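To keep things clear, I will list the structure first and then write my remarks on it.
The values are calculated or read from the model by the stated rules, or taken from the named source; none is laboratory data. Being a predicted model, the structure only gives us computed values, none of them experimental. Every residue, glycine among them, receives a Cβ derived from its backbone with ideal geometry; neighbour counts consider all protein chains shown. Note: accessible area is taken over every heavy atom of the protein model, side chains too, but ligands, DNA and RNA are not part of it. Shrake-Rupley method; radii C 1.70, N 1.55, O 1.52, S 1.80 Å.
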Amino acid sequence: MSETRRPASEVEHLGSGLKVRHLTMMGLGSAIGAGLFLGSGVGIAAAGPAIIVSYLLAGVMIIFVMRMLGEMGAALPVSGSFSHYARIGIGRWAGFSMGWLYWFMLIMVLGVEITGASAIVQSWLPGVPQWVVALVFVTFFAVVNLARVANFGEFEFWFAALKVAVILGFLVIGILLVFGLLPGTEPVGTTHLLGDGDGFAPNGIAGIAAGLLAVAFAFGGIEIVTIAAAESKDPERSIATAVRSVVWRISVFYLGSISIMVLVLPWTAASGETSPFVSVLDIAGIPYVSGFMELVVVIALLSAFNANVYGTSRMAYSLARGGDGPAWLSKLTHHGVPRNAVLVSVFFGFVSVWLNWLLPDTILGILLNAVGSALIAIWLFIVVSHLRLRRTFEREGTIRLRMWLFPYLSWFTLAMLIGFIVLMLSDSAARVQLASTFVLFLIITALGLLWHRTHDKKAVSHPSDRPAQ
């Protein structure tokens, strides 16, 4: 059997209830989250109006990475996505390391997301303990993820649709504000865009670089499209369509939103404490905007939590099927849902919530630092896997979505990612993240080598226990 063929077990058993609209909205919903609604202020404070350049550079980088991932996903749709491509393109160790690094990253993010959502909701219900709110949310989404995959897809579709509607409404209101078409407003001109006398880039190249660090990770989550594609009815066509759609929509939403912010708001007014979305809507004179944006942020966090439970469970399932994890994680219900993998993700989500409550500034901070730059490692391995696998897919005639100007843009993307790492080394906080992620990666790789050595010895002793490929 060809090494790059889709594992037969996934074709036969995983559910297939996801549609193109589910995949598209899941990609949008995962990338449009609290990082955009709340975190954009941090980037503006660092770079000033030149944050547009930071978003543009980060956007180009992730568009190229997603195009490469989409090409591999359409040629070989598997639930392990980039972990499987690293395995067959680079080596068994790479597949293990990428898969479990991604799993660990999302598990930690689960705790942060559910804690953030619970804290906001608890402020609305002061008589209810925060842990009770978290328990209700986690239990509810555990049930959603244990049901048919189509049910999960519908929940994520409507969650994401609401966020997209908010962004579209913001863009419309913002454009009206820019041109002075709302009652009591005048055209904003270019005063704020030019930094109110401080210039377009008041903090220079260093500010743009700092802004790039602040915004690049906001694009994380979009890769779930290729993980979920394995459970669609026509994965090859679905992933190609979804990737094309997600990429241009993300570009419009992110660049459009940030452009309105820097046109309407003085860059010195931005911070990580107040959402620029709220500030723009306050200028437009829309009542109850703060409370509404709180609701939107809660929905954004819960949507991301829902998607990440899905992503972690499918990654654990795929790793187990490939012999890179305990076999019991690959057990499926009659609906084609990896129940044990979902339950493990939910359990560790609870552990992460507990750590967040117990030791917010110590252990959890260390763990979050360790996953802070994990996306960069994953993007690097995606690019390298693509460079290694492209010729194989061409020989097999399975390419349905092509990376532009291969191999030149692929090498250019690799250079951009390396340049991004160099930028991170120039920032003290980012250096800590890189060092922590590197240590975590070494630990996972060492565990992988130990796992494979033990697993291979067992497979030799019991040939029937070999994982299905």
Between residue 120 and residue 452, what FRET efficiency follows from the Cβ-Cβ distance if R0 is 30 Å, with the result rounded to 0.05?
0.10
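Cα convex hull of the chain: mean projected area in nm², to one decimal? Don't jump to the answer; show the numbers that get you there.
Numbers: hull surface 88.1 nm².
Value for the chain: 22.0 nm².
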In degrees between 0 and 90, to the nearest 10, how far off the longest principal axis of the chain does helix 149-178 point, with axes built from Cα atoms?
20 degrees
In Å², what does the accessible area per residue of the chain work out to with a 1.4 Å probe?
41 Å²
Crossing angle, helix 20-31 versus the chain [Cα axis fit, 0-90 degrees, rounded to tens]:
60 degrees
Between residue 435 and residue 131, what FRET efficiency comes out of the Förster formula 1/(1 + (r/R0)^6) with R0 = 25 Å and r the beta carbon distance, rounded to 0.05?
0.15
Helix-only CD estimate at 222 nm, as mean residue ellipticity for the chain, using -39500 (n - 2.57) per DSSP H run (n ≥ 4)
-24500 deg cm²/dmol
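Rank-order 347-353, 392-398, 170-176 by packing density, defined as the average count of other C-beta atoms within 10 Å over each peptide's residues, highest first. Can you show the working numbers first?
On the way: 347-353: 19.4, 392-398: 13.9, 170-176: 17.1.
So the peptides 347-353, 392-398, 170-176, ranked by packing, come out 347-353, 170-176, 392-398.
For the pairs 19/458; 19/331; 331/457, flag any whose C-alpha to C-alpha distance is greater than 30 Å. Numbers along the way, then the final one.
Working: 19/458 40 Å; 19/331 24 Å; 331/457 23 Å.
As for pairs spanning more than 30 Å Cα to Cα, those are 19/458.
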As I understand it, the value is the acute angle between the Cα axis of helix 408-425 and the longest principal axis of the Cα atoms of the chain; what does it come to in degrees, rounded to 10?
70 degrees
Extreme residue, positive dipole direction of the stretch 70-181, given options 72, 122, 95 (C-beta unit charges):
95
Exposure of residue 354 as accessible area (Å², to 10), given a probe of 1.4 Å and all protein chains
130 Å²
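If you stretched the chain out fully between residue 139 and residue 60, how much longer would it get, using 0.36 nm times the residue separation minus the C-alpha to C-alpha distance? Display every interim value, and only then the final one.
Numbers: separation 79, 0.36 × 79 = 28.44 nm, distance 3.78 nm.
Additional length available on full extension: 24.7 nm.
Take the Cβ-Cβ distance between residue 233 and residue 388 as r, set R0 to 30 Å, and report the resulting FRET efficiency rounded to the nearest 0.05. All intermediate terms of the calculation are to be shown ahead of the outcome.
Details: r = 30 Å, r/R0 = 0.99.
Computed FRET efficiency for residue 233 and residue 388: 0.50.
Let me know the charge dipole size of the chain about its Cα centre in debye, to the nearest 20, where only the beta-carbon of Lys, Arg (+1) and Asp, Glu (-1) is charged.
Details: 28 positive and 24 negative charges, 357 e Å.
Computed about the Cα centre, the dipole is about 1720 debye.
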In whole percent, and with a 1.4 Å probe on the protein chains, what portion of the accessible area of the stretch 20-450 is carbon and sulfur?
71 percent
Quickly work out the residue 421-to-residue 269 label distance, labels modelled 7 Å from Cα along the C-beta direction, and quote it in nm with one decimal.
4.1 nm
On the first, second and third principal axes, largest extent first, how far apart are the outermost C-alpha atoms of the stretch 71-196 in Å?
61, 47, 31
Given a 1.4 Å probe and heavy atoms of the protein chains only, how would you sort 93, 267, 379, 411, largest accessible area at the top?
411, 93, 267, 379
